[in-house]
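S.K.: Would you mind keeping the following structure in view while I ask a few things?
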Amino acid sequence: MRVIGVVGLPASGKGEISKIARGRGIPVVVMGDVIRDTVKEAGLAPTDENFGAVADRLRAEEGMDAIANRCVAAIVQQGTPLVLIDGIRGDAEVRVFQGKFPGFVLVAIDSSFEQRLERLGTRGRSDDVTSAAALRVRDERERRWGLEAALAMADIRIRNDGTLAEYTDAVHGLLDRLERDA
């Protein structure tokens, strides 16, 4: 089984890669679903603040690799030659996946602050922030989880500051290569 992990700052394009992968029949495990499910089970509102607090709590109680460890079974359960993991947030998570899945490939998505802020204004998720100050706070929170170190560990980088069509073409090209190698 070949596992592809995707890492990037909020609204960099991780979800778009997932959408493209699903469209190609590649199963996707979304790490944020662990947080969303935990927030829902706790009866909390689905806000950025609650998602961040729950993610912080899980990492404090179970370690910085808590969410990755909770995803391993779901990845194995896919039973397919290729699986994509959406939403890696730290180097501890990368190390879990590298240890569990030989040939693990980490893809970093790079996008400017301005592009990401613009995307958040149109995405429509309950946890989306809409001000530059709020996005800076969210970026900093995710950096505390080891996001910068995870980005530095990437095997492949994709720039996502152009059009959606350009990004989609780049993602298809990447997935073509990785599927051939799976």
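S.K.: With the structure loaded, tell me whether VAL29 is buried (at least 17 other Cβ atoms within 10 Å of the Cβ), out of contact with any Phe, Trp or Tyr (no Cβ under 9 Å at 6 or more places or on another chain), hydrophobic (A, V, I, L, M, F, W, C) and assigned to a strand (DSSP E or B) or whether it fails that test.
M.R.: It is true that VAL29 is buried (at least 17 other Cβ atoms within 10 Å of the Cβ), out of contact with any Phe, Trp or Tyr (no Cβ under 9 Å at 6 or more places or on another chain), hydrophobic (A, V, I, L, M, F, W, C) and assigned to a strand (DSSP E or B).
S.K.: Can you spot a residue in segment 166-176 that is surrounded by fewer than 20 Cβ atoms within 10 Å (Cβ to Cβ), touching a residue at least 40 places away in the same chain (Cβ under 8 Å), closer than 21 Å to VAL30 by Cα and in contact with a strand residue (DSSP E or B) (Cβ under 7 Å, 6 or more places away or on another chain)?
M.R.: yes
S.K.: ASP128 - would you say it is more than 23 Å from GLY25 (Cα to Cα), at pLDDT 90 or above and part of a loop (DSSP other than H, G, I, E, B)?
M.R.: no
S.K.: Tally up the residues in segment 162-182 that are modelled with pLDDT of 95 or more and among the β-branched types (Val, Ile, Thr), please.
M.R.: Qualifying residue count, segment 162-182: 2.
S.K.: Ok, one more. Could you please find all residues in segment 143-153 being in a helix (DSSP H, G or I) and at pLDDT 90 or above?
M.R.: Correct list: ARG143, LEU147, GLU148, ALA149, ALA150, LEU151, ALA152.
S.K.: I need a count of the residues in segment 51-80 that are in contact (Cβ under 8 Å) with a residue 12 or more places away in the chain and either in contact with a Lys or Arg (Cβ under 6 Å, 6 or more places away or on another chain) or part of a helix (DSSP H, G or I) (or both).
M.R.: Count: 17.
The values are calculated or read from the model by the stated rules, or taken from the named source; none is laboratory data. A quick note: this is a predicted structure, and the numbers were derived from the prediction, not measured. Using ideal geometry, Cβ is built from the backbone for each residue, glycine included, and neighbour counts are taken over all protein chains shown.
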